[in-house]
Each structure stands twice: as C-alpha cells, then as structure tokens.
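What follows is a short report on a single structure.
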Amino acid sequence: MGPTDARSFYARLLAAQAGSADPRLEAVFASVPREAFLGPGPWTIIAGTSRIETPSADPSHIYQNVLVALDADKGINNGEPLLHAMWLGKVAPRPGETVTHIGAGTGYYSALLARLVAPGGTVVAFELEADLAARAGANLKDYPNVEVVHGDAVARPLPRCDIVYVNAGVAAPLAAWLKALKPGGRLIFPWRPSDTVGLAVLVTRLGNGFACLPFMRSWFIPCVGASVAGPEAKIPTRERATRIRSIWLTENKPPDRTATAVFGDVWFSSRSIRGDDKR
C-alpha cells in the first residue's frame, strides 16, 4: 500500500470511528499529508512510556492512530488523530467560520481546521514554543487562510471568533476565551482541574449563557499560565465533573447551589441552560 492509499484508508477509519455526520471530515484527513508537519522521517512514535522509531521514512507508518513526537524531551507530540477527529466532529467547523487554535504545534490540526472552514473562513493559530511556531509557519505557507502567531493565548486577548480550539490542558477556561465567542460559537478544551479529572469539554455560547458538555476522557500537556487552579478554587471530583452542564462568568452570575466547580471569574454548574437564565 502506497502513502496515498494509506492516507485514504486512515481518513476513512478516523471518520467512521469519530461518528461524524459531516462527510468532509474524511475528505480533509485524506487531503492533508501528515508527514508534511512532522519533519523528515524516520519518526519517533510514543507508545505508552516507550518510544519506537519507525522502520523507515515511509509515510505509511504514520497513517494510523499513533502519537508522533515533535519534541520528546518536552513531552510534545503531534496528537492522537482519532481524538482530534472526534473533537472536530463535535465542534463542527463550517465554511466561513473563524477559528482560534490554541496550541497549534507544527500546524497539522490547524491545516485540517483551515480546510473545514473554507471557503471564506480563517484560522488564527497560536503557538507558544518559538521553534514549533516557526515550523508551523513554514508548514502552513500554502494555507492562505491561516495566520500563525508565536504568542501566549493566555496573556493576550483573542480575536472574536466562532470556534476556540484548545490543545493544552487547563484548570478552567479563561473568561476572555468565553467572551471571544460569537453567538452560537463553540469552545472545545481539555479540562484538567486536578490529577484525577481529565475531560474534553464542549462549550456553546447561547443567547442566555454557555451550555457545557463533557464528552470524553482527554489528557494533554499543561497550558502554560492556565493549568494550575488557585488555592481558593472549588475543585470537583471526577464524578461531579462529568455532570457539568453550563459555565458562567462570575461577573454576570455569582456561583449558586448548583456550582460543582468554581475558579474565580468562571464557574461550572450542574444545571442546564434554560430560557429564563440571564447572562
């Protein structure tokens, strides 16, 4: 099987396992060459606590659900393709939408997002590591709807957007990230308020608040500046964390008896958004 056939089969498997109703998901995984974002092979595969080098630089080796090291010493990898296929299916990017990608690495998933929001959509890809940001800029030079920013998406304001796609673990999403969402906008992020809680969470901005749904287990490297909860935080158990259904800005609505987790300017509630909720 040649690299193109391997990539097509990989894309078909990912789309089927993700269960997305969007046929474009398979098409974009099939159209974006993963090896173009990994550097020259052979590549190092992360398998549990082991590192395994591919037998050659044949791209067919990386068209499976494996983690490929980008900076093994820092624990940075290219990400698990199936996880991202599931995330992309959940956040459902549409043509014409604007995306902020936080933790872009070398740009592979930024490229997939760029294809999903085309035509008319744009991606701003933030990467804190200077080397990775430089590589992403080079890798994405043929994607005119992507802007790579070497910068800290925690310390600086985000552009107004339809989707915030976060690829680093946070104790809680920043209030600024929620405020950056347009009406109907979605935020997807790995929530890690403690060592025992690791969940992927989808947030949707509604007219009267932010609906919130944890949908799978998820572990990412920590997000610099946003991965540690303050001493005043109310940290949920894993069981209570799975019951969150909305998230609120404290400035708009103080925590009430439904609060399952509180992190200063944002808090999570076990109550679903209702028509009479006020922002």
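Every number here is computed from the coordinates shown, using simple stated rules; none is lab data. Everything quoted here is computed from the prediction, not taken from an experiment. When we count neighbours, we look across all protein chains shown, and the Cβ atoms used for this are built from the backbone with ideal geometry, even at glycine.
Springs between alpha-carbon atoms under 10 Å, Gaussian network over the chain: tell me which of 115, 205, 156 tops the mean-square fluctuations.
156
Can you give the local net charge around residue 213? Use residues other than it whose beta-carbon is closer than 12 angstrom to its beta-carbon, Lys and Arg +1, Asp and Glu -1.
Result for the neighbourhood of residue 213: +4.
Once both axes come from the Cα atoms, what is the angle between helix 81-91 and the longest principal axis of the chain, in degrees from 0 to 90, rounded to 10?
40 degrees
Among the listed pairs 74/141; 90/253; 141/182; 90/182, which have their C-alpha atoms separated by more than 22 angstrom in this model?
74/141; 90/253; 141/182
Using +1 at the Cβ of each Lys and Arg and -1 at the Cβ of each Asp and Glu in the chain, identify which of 61, 252, 262 lies farthest towards the dipole's positive end.
Selected residue: 252.
Assign unit charges at the C-beta atoms only (+1 for Lys and Arg, -1 for Asp and Glu), then state the dipole size of the range 1-80 relative to its Cα centre in Debye, rounded to the nearest 20.
100 debye
Measure out, as a whole number of angstrom, how far apart the alpha-carbon centroids of the range 55-76 and the range 115-148 sit.
Distance between centres, Cα-based: 20 Å.
Kindly express, to the nearest 10 degrees and within the range 0 to 90, the angle between helix 3-18's C-alpha long axis and the longest C-alpha principal axis of the chain.
The angle comes out at about 20 degrees.
Can you give the charge dipole size of the chain about its Cα centre, rounded to the nearest 20 debye, using +1 on the beta carbon of Lys and Arg and -1 on the beta carbon of Asp and Glu?
In debye, rounded to 20, the chain gives about 1120.
Working from the pairwise distances between different alpha carbons, so that the mean of 1/r is found and then inverted, what is the range 24-83's Kirkwood radius in Å?
Over the range 24-83, the inverse of the mean reciprocal pair distance is 12.0 Å.
For the chain, find the longest principal axis of its Cα atoms and tell me its angle to the long axis of helix 108-117, 0 to 90°, nearest 10.
70 degrees
With Cα Rg over 2.2 N^0.38 Å defined as stated, name the option among [x] 1.00; [y] 0.95; [z] 1.23 computed from the structure displayed.
Label of the calculated value: [x].
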